[in-house]
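The values are calculated or read from the model by the stated rules, or taken from the named source; none is laboratory data. Quick caveat: nothing in here was measured; it's all calculated off a predicted structure. Here Cβ is always computed from backbone atoms with ideal geometry, including for glycine, and neighbour counts include all displayed protein chains. Surface accessibility is based on the protein's heavy atoms, side chains included, excluding ligands, DNA and RNA. Shrake-Rupley method; radii C 1.70, N 1.55, O 1.52, S 1.80 Å.
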Amino acid sequence: MSRLSIRQVGKTFPGNRGKAPTQALQPVSLDVVDNDFITVLGPSGCGKSTLLRLVAGLETPSTGEILLDGVPIHGPGADRGVVFQSYTLFPWLTVQKNICFGLREKGMPAAQQKEISERFIAQVGLRGFEDHFPKQLSGGMQQRVAIARALANDPKILLLDEPFGALDNQTRVLMQELLLGIWESARKTVLFVTHDIDEAIFMANRVAVFSARPGRIKADVAVDLPHPRH
Ligand code: ADP
Ligand code: ADP
């Protein structure tokens, strides 16, 4: 169970070296309920990444507050799994060790780490690649590892920032279907940021549409699932 409450959260980046401050996000409010798959859709620069980074705890809001299950967030935490467009794997760790990273940090026994990582390796279709290093994998495969790593910690919510933006069209469709399958079976709450309208509508049961910078929510639309592609 999880519920994300974004309450009047705005962000202004201070200007440095004489530059004017940038209001990236006007105060926005958004409630993401259990098992929602919500996409945040908006033009480049509207503050989508900023919103996601705020929820991830990588930025601090200038106004408002963010609650996860009623508790204000302070900084990053294992209760939020994050996937970025640039795969951000640890290049010196194998697929399995990347996926186990958070579990090892928590001090989980090795046997249990292995069991969990094997489950997610299978789920993202990477069996046989356990001992590969990120640079030996294609972009799509690296993103599979990143998704498995985010899920392995059993986060309350999965946050994805244009996760398939760097992939070719064919791979992107495969990865969208993979993620939808995971969402349907794992029943995770998902917040997914994209500027791609097709992707936003295909993926989500709810789409929050942002205006151009400084972003604010212009529409919040329920979408029926599932969406057959063909
Ligand atoms: P989007 O993800 O929708 O493309 P971003 O959240 O990345 O938009 O950026 C929103 C606005 O905030 C942009 O004008 C961007 O240049 C600005 N911005 C983002 N991060 C910073 C930062 N760390 N410092 C200053 N300005 C920033
Ligand atoms: P991407 O690797 O960019 O996600 P694909 O998933 O289509 O794109 O994979 C590209 C190639 O990588 C495939 O043709 C296949 O040879 C190899 N590959 C990807 N995933 C697997 C897998 N689970 N098992 C074996 N080979 C794979």
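As a test of reading the structure, rank His74, His132, His195 by solvent-accessible area (1.4 Å probe, protein chains only), most first.
Details: His74 165, His132 55, His195 110 Å².
Highest to lowest solvent-accessible surface, that is His74, His195, His132.
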Quick numbers on segment 29-125, Rg and Dmax over C-alpha atoms in Å, give 16.1, 45
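Summarise the accessible area of the chain (1.4 Å probe, protein heavy atoms) by the percent that is carbon and sulfur.
Working: 5810 of 11130 Å².
About 52 percent, which is the carbon plus sulfur part of the accessible surface.
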Can you count the Lys pairs in the chain whose Cα atoms are under 16 Å apart, with each pair 8 or more apart or on different chains?
7
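Taking 0.36 nm per residue of separation and subtracting the Cα-Cα distance, what length does fully extending Gln112 through Lys19 add?
Numbers: separation 93, 0.36 × 93 = 33.48 nm, distance 5.10 nm.
Length gained, Gln112 through Lys19: 28.4 nm.
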If one takes the longest principal axis of the Cα atoms in the chain, at what angle in degrees, from 0 to 90 and to the nearest 10, does the Cα axis of helix 110-123 lie?
70 degrees
To the nearest 10 Å², what's Phe210's accessible area with a 1.4 Å probe?
10 Å²
With x for Gly and Pro, the residue-by-residue ³J(HN,Hα) of segment 150-162, computed from phi through the Karplus equation 6.51 cos²θ - 1.76 cosθ + 1.60 at θ = phi - 60° and given in whole Hz, is 5, 6, 4, 7, 6, x, 6, 9, 9, 10, 10, 10, 6
In debye to the nearest 20, the charge dipole size for the chain, taken about the Cα centre with +1 at each Lys and Arg Cβ and -1 at each Asp and Glu Cβ, equals 600 debye
How far is the Cα center of segment 30-100 from the Cα center of segment 132-190, in Å?
14 Å
Using a 1.4 Å probe and ignoring any ligands, DNA or RNA, find the accessible area of Asp161 and quote it in Å² to the nearest 10.
20 Å²
Mean separation of Cα pairs under 8 Å and 6+ residues apart, divided by the residue count of segment 6-90: what relative contact order is that in percent?
30 percent
In segment 59-89, which residues have a backbone nitrogen under 19 Å from the label point lying 7 Å from Ser29's Cα in the Cα-to-Cβ direction?
61-73
Quick query: amide H of Leu160 versus all other amide H atoms, modeled in the peptide plane; which residues come in under 5 Å with a sequence gap of 5 or more or a different chain?
Val83, Leu191, Phe192, Val193
Quick one: grab the alpha carbon gyration tensor of segment 38-90, order the square roots of its eigenvalues as a ≥ b ≥ c, and give me rounded if a/c is under 1.5, else prolate or oblate depending on whether a/b is larger than b/c.
oblate
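On a 1.4 Å probe surface of the protein chains, which of Ser185, Ser138, Ser5 comes out largest in accessible area, and what is the full order?
Ser185, Ser138, Ser5
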Could you go through segment 79-92 in sequence order and give the Karplus-derived ³J(HN,Hα) for each residue, using 6.51 cos²θ - 1.76 cosθ + 1.60 with θ = phi - 60°, rounded to whole Hz, and x for Gly and Pro?
6, 10, x, 10, 10, 9, 4, 8, 3, 6, 7, 7, x, 8
Residue-level accessible surface for Lys97, protein heavy atoms, 1.4 Å, Å²:
110 Å²
In Å², and per residue, what accessible area does segment 64-192 have when probed at 1.4 Å with the other protein chains present?
46 Å²
